[in-house]
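Heads up, the thing below is written out as C-alpha cells.
The values are calculated or read from the model by the stated rules, or taken from the named source; none is laboratory data. Please read these numbers as outputs of a predicted model, since none were measured by experiment. All Cβ positions, glycine included, derive from the backbone under ideal geometry; neighbour counts span all protein chains shown.
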Amino acid sequence: MFEHSPFYRVHPVSPEAHLFAVDLRIEQLPSEALILSLPAWIPGSYMIRDFARHILRIEAGDQDGPLFLDKLDKQTWRLAHRGKPVNVRMEVYAWDLSVRSAHLDESHGYFNGSSLFLRIRGMDRGPCRLEIRPPNGDAYANWRLATSFRRLEAEPFDFGTYWAEDYEDLIDHPVEMGVFSLIPFEVRGVPHWMSITGHHQAEEARLRRDLPRICESHAALFGELPIDRYLFLTQATADGYGGLEHCFSTSLICSRDDLPALAMVKPSPGYRRFLALCSHEYFHLWHVKRIRPRAFMDQGLEREVHTRLLWVFEGITSYYDELALVRSGCIDETGYLEMLAETISRVLRTPGRRVQTLAESSFDAWIKFYQQNENSPNALVSYYAKGALVALTLDLTIRRDTAGAQSLDVVMRALWERHGRPGIGLEEHGLEALAAEVTGLDLSGFFHLALDSTEELELDGLLADFGVGMRPRAARHAKDFGGLTNGDAGDDPVPPTLGIRLRPDGGEPVIAHVLAGGPALAAGLAAGDTLVAIEGLRVTRDNLDKLLLAAGQGVEVEVHVFRRDELRAYRVRLAPAPLDTCEFWLLADAPAEAHRRRAAWLRPGG
C-alpha cells in the first residue's frame, strides 16, 4: 500500500526559535517536472492566510546533489528532477497560537498539515506516510503526542509513523505535542479523548460525564456515528476562544476559567460556553466535514471559494450546539434560554443586520466577516449568530405548522442521508428545496425574508406559541445580555447612550466602534478616539455609565477626546439606550399545546 508513496517527516528542531523542519521524500516520479504547493487557506476558516509566508527556507536535492526549485507564485514551486528519488526540506516558523496554523515553543508544539505539508500536484490522491519526531534533548523526554492520524509504527499518544489516505486526509489531522492531560470516554462504543494542554485545574470527572452526553445527542439526531475514533484537542489559555473542525478530531482553544471548576454544582456561563464550543465542533463531523457545500468539493485551497451556504453550515450548527446542551441534560431550560437570549441580543446590537443579508454574509465572509474593521458592526451581520436564529425560526415554524409531525431534526437527517453518507455536495439552494420537500410546507416566503432581505425575524410571536414570552429592553450594563425573568418589566435606571463601543483591552477608554444611527456618529466622533472628559469630568472605563446617567438622555454634553495627538471637543446629544437586549419569561397562562410544543422542542430526542 505504501510502496513508493510520498513520505513526510516533521521534526520540531528548535522550540526556542519556533522552528519546525519538514522533509518530503518522493520516490515515484513523473516524467515531467514536479509541481509543489502549500494551501492558501484551511478548510473551516474562510480567509486567505498564505501559510507559505512562514517558510524560512526551502531546498531540494537527490543523491547527485541539489535541485533547482523554481518559484511560480507565492505558494507554488516547479521542481525539475533527474528521475531519481527527490528530497525536499523546509524550515517553517510557527508562532500562531490559534487553531488554524502552527505554534511551537518549549512548552508544547501544535500544527495543522496545511501549514507544513506540500501538495504534490498529480500525486495527491494516493496514500502517504508521516513520521513525527520529538524535539531533541532531555528537556522534552516527557513529551507525548495527540492526534487522530491512523498509527502505522507508533504507540498510542506517542511519536512515530502515521499514515493518511491522501493529501486531503493528510491536512485534516491536527497534531499536539507536549505535556497534556488526557480524558478518555466512549460514545456508542467508539473511543473518544480530550487532551488539555496548558495550565488548568479542570474537574476531569465533570468533562468525562458531560461530553459523552452531548456527543450522543448529536449521534441520535443523525442516526449514526460515522467514525471509529475522535479527539478533542484543547489548548487552555488566559482568554482564548475558538475551534476548528476535522473529520476525526477538533482543535479547541479556550479560557482556562471556562473549564469546569472543582465541585462546581451548576454550570457557570463560562463552562456553558465551553460545552457549546465542544458541541459545535462535534456537530461538524457530520455537518461540514461530510455534508459539504458542492462549491467546496469542486475547488481547491489556492484561492477563495464563495458560497451562500455558510449560514447553513455554521448557523444551523450554532443553533444545535446550544440546543444539544439542554437536550442532553447538561444544562436546564433556564440555562438554555439565557444562552439563546445572548445570541438574540448580539444580533440586535449589530446595526449591520439592516445592511447585509444572511446570504451576502455567507458569500462575502472572506473579505468581510474574517477581515473586520472599525466599521464592521455597521456593515455586516454574523452568519453564525443570525444563522442560528434563522435555524431556530425555521425549526419552530416547521414544528408549529406541521402540528409537531416534522422539525428541523427531520430535515437534518434527510440532509445526512442524501448528501452526507453518499458524499454528494449540497447545491446553493439545496437546503431550501429539501426542507420544503421533507416537511410538505411552502417555505419560499420564509427563506426569502430570512436569507435575501434585511427584515427582522418575527421571533416573539413564534416563541409565544411555545409558551415563551419575549421582549427587547435596554441593557443595564455592558455585560447584560438578557435572559429569563418572571415577566416584570423592572425599573432599574439605565444610562443614555453615546452609541459607541470601547476597545475591550482594559486600558484607556478608546473607542473601537461608532455605531450607525447613534449620537457619537452624528457628532463626528470616530473609532480610535480616546475619551478624555464629559462636561469637564475625566472619563474612565469604569465611570462612563455613571457620567452618562448623571447627564440624562436628550441632554447635549461636551465631550473631549484625543484623536491621535490632537485634543478635540464635540457637542453630543445623548440618546435613550437602545432596546437591544432580549428578555424571556415563561407564559404561565399559555395553552397546554404550547407547553407540549416546548417540551417536544427541548426534550431529549427533540
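All conditions in (1) part of a loop (DSSP other than H, G, I, E, B); (2) outside the structural domain of L426 (by TED's automatic domain parsing); (3) aliphatic (A, V, I, L, M) hold for L301, with the sole exception of (2).
Test D172 against the stated conditions and say whether it is in contact with a Cys (Cβ under 7 Å, 6 or more places away or on another chain), within 30 Å of P260 (Cβ to Cβ), assigned to a loop (DSSP other than H, G, I, E, B) and touching a residue at least 40 places away in the same chain (Cβ under 8 Å). Spelling it out, D172 is indeed in contact with a Cys (Cβ under 7 Å, 6 or more places away or on another chain), within 30 Å of P260 (Cβ to Cβ), assigned to a loop (DSSP other than H, G, I, E, B) and touching a residue at least 40 places away in the same chain (Cβ under 8 Å).
Taken as a whole, the condition of being surrounded by fewer than 17 Cβ atoms within 10 Å (Cβ to Cβ) and either of a type in the set (G, A, S) or modelled with pLDDT of 95 or more (or both) applies to A139. Within the option set L340, L389, L394, L325, being closer than 18 Å to R598 by Cα, free of Cβ contacts under 8 Å to residues at least 60 places away in the same chain and outside any loop (DSSP other than H, G, I, E, B) holds for one residue only, L394.
The set of residues from region 383-413 being in contact with a Phe, Trp or Tyr (Cβ under 7 Å, 6 or more places away or on another chain) and among the hydroxyl-bearing types (S, T, Y) comprises Y383, T397. If I filter region 23-36 for residues that are outside any helix (DSSP H, G or I), closer than 17 Å to I171 by Cα and hydrophobic (A, V, I, L, M, F, W, C), do I get at least one hit? Looking for residues that are outside any helix (DSSP H, G or I), closer than 17 Å to I171 by Cα and hydrophobic (A, V, I, L, M, F, W, C), one finds at least one in region 23-36, hence yes.
For region 454-471, the set of residues classified as over 18 Å from V390 (Cβ atoms) and either surrounded by fewer than 18 Cβ atoms within 10 Å (Cβ to Cβ) or of a type in the set (A, V, I, L, M, F, W, C) (or both) consists of A464, G469, R471, listed by residue number. Among the residues that make up region 171-182, is at least one of them closer than 22 Å to I132 by Cβ, among the acidic types (D, E) and under 23 Å from the mean Cα position of the chain (by Cα)? Yes: region 171-182 contains one or more residues that are closer than 22 Å to I132 by Cβ, among the acidic types (D, E) and under 23 Å from the mean Cα position of the chain (by Cα). Do we find that F283 is crowded, with 16+ Cβ neighbours inside 10 Å, of a type outside the set (G, A, S) and more than 19 Å from G605 (Cα to Cα) in this structure? Criteria not met by F283.
Contact map, region 147-164: first residue touching a residue at least 60 places away in the same chain (Cβ under 8 Å) and within 17 Å of N112 (Cα to Cα), second residue of a type in the set (V, I, T) and in a strand (DSSP E or B), Cβ cut-off under 8 Å, separation 6 or more or different chains; pairs are T147/I132; T147/V175.
Regarding R82, is this residue free of Cβ contacts under 8 Å to residues at least 60 places away in the same chain and closer than 30 Å to F369 by Cβ? For R82, the condition - free of Cβ contacts under 8 Å to residues at least 60 places away in the same chain and closer than 30 Å to F369 by Cβ - is not met.
Here G552 passes the criteria (1) under 36 Å from the mean Cα position of the chain (by Cα); (2) under 17 Å from P493 (Cβ atoms) except the one numbered (1).
If the condition is being buried (at least 22 other Cβ atoms within 10 Å of the Cβ) and in a strand (DSSP E or B), then region 196-242 contributes I196, T197, Y230, L231, F232, L233, T234, Q235, A236.
Against the test of being at pLDDT 95 or above, aromatic (F, W, Y) and touching a Ser or Thr at 6+ places or on another chain (Cβ under 9 Å), the options Y336, Y383 yield a single qualifying residue, Y383.
Yes/no per residue for (1) of a type in the set (V, I, T); (2) without any contact (Cβ under 8 Å) to a residue 60 or more places away in the chain; (3) more than 24 Å from I291 (Cα to Cα):
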{"residue": "V187", "(1), (2), (3)": "yes, yes, no"}
{"residue": "H199", "(1), (2), (3)": "no, yes, yes"}
{"residue": "H218", "(1), (2), (3)": "no, no, no"}
{"residue": "L225", "(1), (2), (3)": "no, yes, no"}
{"residue": "Q235", "(1), (2), (3)": "no, no, yes"}
{"residue": "H246", "(1), (2), (3)": "no, no, no"}
{"residue": "S249", "(1), (2), (3)": "no, no, no"}
{"residue": "A261", "(1), (2), (3)": "no, no, yes"}
{"residue": "G270", "(1), (2), (3)": "no, yes, yes"}
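Tell me yes or no: at least one residue of region 363-372 is modelled with pLDDT of 95 or more and not in a loop (DSSP other than H, G, I, E, B). Checked region 363-372: at least one residue is modelled with pLDDT of 95 or more and not in a loop (DSSP other than H, G, I, E, B). For region 45-53, does any single residue satisfy the condition of being under 20 Å from E176 (Cα atoms), assigned to a strand (DSSP E or B) and assigned by TED's automatic domain parsing to the domain that holds Y162? Yes, region 45-53 contains at least one residue that is under 20 Å from E176 (Cα atoms), assigned to a strand (DSSP E or B) and assigned by TED's automatic domain parsing to the domain that holds Y162. Residues that are free of Cβ contacts under 8 Å to residues at least 60 places away in the same chain and within 22 Å of M297 (Cβ to Cβ) do not occur anywhere in region 92-113. Only one of the listed residues (W193, W163) is closer than 24 Å to L24 by Cα and assigned to a strand (DSSP E or B). That residue is W163.
Total residues in region 555-567 satisfying the condition of being aliphatic (A, V, I, L, M), assigned to a strand (DSSP E or B) and either assigned by TED's automatic domain parsing to the domain that holds R354 or surrounded by fewer than 19 Cβ atoms within 10 Å (Cβ to Cβ) (or both): the figure is 1.
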